Each structure stands twice: as structure tokens, then as C-alpha cells.
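The structure under discussion appears below in the form of C-alpha cells.
Derivation of every value follows stated rules applied to the coordinates shown; laboratory data play no part. Please read all numbers here as calculations on a predicted model, not as lab measurements. Please note: Cβ atoms are built from the backbone with ideal geometry, for glycine as well, and neighbour counts cover all protein chains shown.
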Amino acid sequence: MDEKVEYFFHFDTKISTEIFIDQIMKLHASISEQESPMNSEKIKSLLANLSKLCTFLPTTIDIKALPKEVLSIRESLNNFVSQAEGLIELEFSTFIAHKPKPLQYLTEYCYYANYVRIVSIESKILKENGMENAKKVAFVGSGAMPLSSILMATHHMKSTRFDNFDIDDKANEVARRIVASDAELEKRMKFETQDIMEVKEKLGQYDCIFLAALVGMNREAKVKIVEHIRMHMKEGSLFVVRSAKGARTFIYPSLEDHDFVHFELLTTFQPRHALVHSVLRKKPKG
């Protein structure tokens with residue numbers, strides 16, 4: 001990245017809309033110059049700077065009021081994040097999958113602490129809404145490093161069965177090898193290579209369904225996925241959606257409340273300075 005793109009604000013510094021626009025456009029220009037999102041120090045630096053810029057913003061900035069040329073780069077940045085994080089995840093997962101006990105190396109993953117926090121939050125809000133002993137849970141968009149499912153299964157839902165759906169067979173293959181190192185966990189965790197839009201009747205088996213933040217790379221695609229899941233999930237089951245708001249939509253694609261037609265909103269939790277927030281919804285009975 002151009003050395004002139006420097007981040008001079010600190011953890012609680014408030015920045016102006018003008019500074020945000022200037023910085024996000026410079027970052028997008030640097031990202032556009034990259035030939036590939038392959039894992040490298042340069043890519044990690046770009047991801048870190050994008051995260052810092054979009055997370056430490058004052059809430060006074062109205063993202064919807066930003067110029068169209070600024071808002072138009074969001075999908076491009078979302079795609080970059082999806083590809084770059086996917087490659088970082090796959091590289092790390094492939095590395096530990098060859099270890100005798102790969103689960104012991106999970107704490108070395110660069111985003112491990114973030115997953116611990118969000119899973120702990122989601123577990124808490126599920127328990128508060130009567131989902132302490134779910135028999136079967138689905139995680140859509142599990143990836144090569146299914147940390148959410150692993151952490152939930154080992155620390156919070158210790159008897160629940162998890163079905164992990166991902167469209168990438170290579171990611172699922174690596175994930176299976178990691179989980180296979182623990183006989184008890186392997187019994188409760190499956191990995192299916194499928195486009196969730198092609199999964200129908202099976203969605204009715206789950207007490208709770210999680211939707212990862214990077215499933216559906218724009219709002220239109222995400223809305224279709226949400227509606228598909230709603231049509232086929234069983235009545236009374238819970239739906240945990242990870243999404244983004246405000247400046248964080250330059251990292252992850254977002255959904256609005258009105259995108260969840262026929263769902264009952266139970267709770268929304270936005271951790272301070274977190275990249276994603278979790279929304280718990282319920283498919284009403286009748």
C-alpha cells in the first residue's frame with residue numbers, strides 16, 4: 001500500500017466524514033492495484049487498515065449520506081475481504097490439518113479471539129431465548145476454519161449436532177481433517193458441500209441456523225438466501241444472522257431489518273469496535 005496512506009487516529013479518536021472518504025478511497029485504490037488477494041504481508045496490512053478505519057468510526061457519520069462514488073466501492077471491498085480472508089483461512093487450516101492434534105493450534109489463528117467473543121455472545125443470547133439444548137444446528141458458510149461451530153460445540157452446546165454447509169469442497173475437506181482429530185467432536189459435526197439455495201427439506205431439521213457474514217456478496221443475494229432459509233426452516237426455530245452496519249459495510253455486506261419479512265426480531269447485539277453484529281430472529285408459528 002502507498003506509504004502515504006497512514007492511520008493517525010487511535011482507539012477512541014473520532015474522525016470526520018471527509019477524512020473517512022479520503023482514507024477509504026485511497027485504500028480502495030491500493031487494493032485495486034493488487035494482482036491477487038493471495039496471503040501476503042501486503043494483503044494482511046490492507047485488511048488491517050481497512051478494519052481499523054471502518055471499526056473505529058464515530059457513530060455520527062451517516063454512511064447513507066456518503067457520495068455515490070464512495071458507496072459504489074463497497075461491493076468491490078466486500079469481494080476483496082471475502083477472497084483474502086478465505087485464502088488466509090485456507091492456508092492456516094491446511095497447515096494445522098497436517099499436525100497430529102490440529103485442534104491444539106486453533107488459538108494461533110489470527111482471528112481466534114474475535115471468534116471466541118462473538119460465539120460467547122451468541123451462546124448467551126441463544127440461552128436467553130430458550131435455546132440451551134438444541135438437538136441440531138446448521139452453520140451456513142462454515143469455511144475451511146469452522147471456528148464458530150467448533151467453539152460452540154466444545155464450549156457451549158456440548159451435546160448438539162452441527163451440520164456445516166459450504167459451497168467450497170476444498171474448504172470442507174480441510175475442515176473435516178481438523179475435526180477428525182477429535183473422535184467425540186467428529187461424531188457431532190458434519191460438513192456438506194452444497195449451495196444453500198439448493199438445500200430445502202433438510203433445513204426443516206434444525207432448531208437453529210447460523211448465517212455467516214460473508215454468505216452472499218451483496219444485499220440482493222443475501223436477501224434471496226434469507227428468504228430461502230425462511231421458507232424451508234421449521235416454525236419456531238431460531239435464525240442467527242451475522243451482518244454489518246455503518247462503516248463496517250465496507251468490509252462485510254449488510255442486511256436491513258426490512259429484509260427479514262415474516263421473522264420476529266428477538267435481539268440484536270453490536271459489540272463495541274467489532275466488525276460484525278449478531279441478530280437473533282425467530283420464524284413464528286402459524
Tell me, what is a quarter of the convex hull surface for the C-alpha atoms of the chain, in nm² with one decimal?
-> 14.9 nm²
Over 23 Å between Cα atoms, which of Lys99/Lys187; Lys52/Lys222; Lys224/Lys283; Lys158/Lys222 qualify?
-> Lys52/Lys222; Lys158/Lys222
Determine ³J(HN,Hα), in whole Hz, for all residues of the stretch 197-208 in sequence, where each value follows from phi through the Karplus function 6.51 cos²θ - 1.76 cosθ + 1.60 and θ = phi - 60°; x replaces Gly and Pro.
-> 5, 9, 8, 10, 4, 4, 5, x, 8, 9, 7, 8
Rank Lys68, Lys42, Lys127 by mean-square fluctuation in a GNM of the chain with C-alpha springs under 10 angstrom and give only the top-ranked residue.
-> Lys68
Once phi is turned into ³J(HN,Hα) by the Karplus curve 6.51 cos²θ - 1.76 cosθ + 1.60 with θ = phi - 60°, what whole-Hz value does each residue of the stretch 114-131 show in order, with x for glycine and proline?
-> 5, 5, 4, 5, 5, 5, 4, 5, 5, 4, 5, 6, 5, 5, 5, 10, x, 10
Amide H partners (placed H, <5 Å) of Met189, local residues excluded | Phe162
Cα-based reach from Lys64 at 19 Å (exclusive), listing aspartates and glutamates while leaving out same-chain residues under 8 positions away | Glu18, Asp22, Glu75, Glu220, Glu256, Asp257, Asp259
Computed over the chain, the relative contact order (Cα-Cα under 8 Å, seq sep at least six) in percent reads 17 percent
Roughly how large, in nm² to one decimal, is the mean projection of the convex hull of the alpha-carbon atoms in the stretch 115-282?
-> 8.9 nm²
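Tell me which GluC sites (Glu not before Pro) from the stretch 192-286 have a DSSP coil assignment and no more than 13 other beta carbons within 10 Å of their own.
Working: sites: Glu192, Glu198, Glu201, Glu220, Glu227, Glu235, Glu256, Glu264; in loops: Glu235, Glu256.
Filter output for the stretch 192-286: Glu235, Glu256.
Within the stretch 66-160, list the chymotrypsin sites (Phe, Trp or Tyr not before Pro) lying in a DSSP loop whose Cβ has at most 16 other Cβ atoms in a 10 Å radius.
Filter output for the stretch 66-160: Tyr111.
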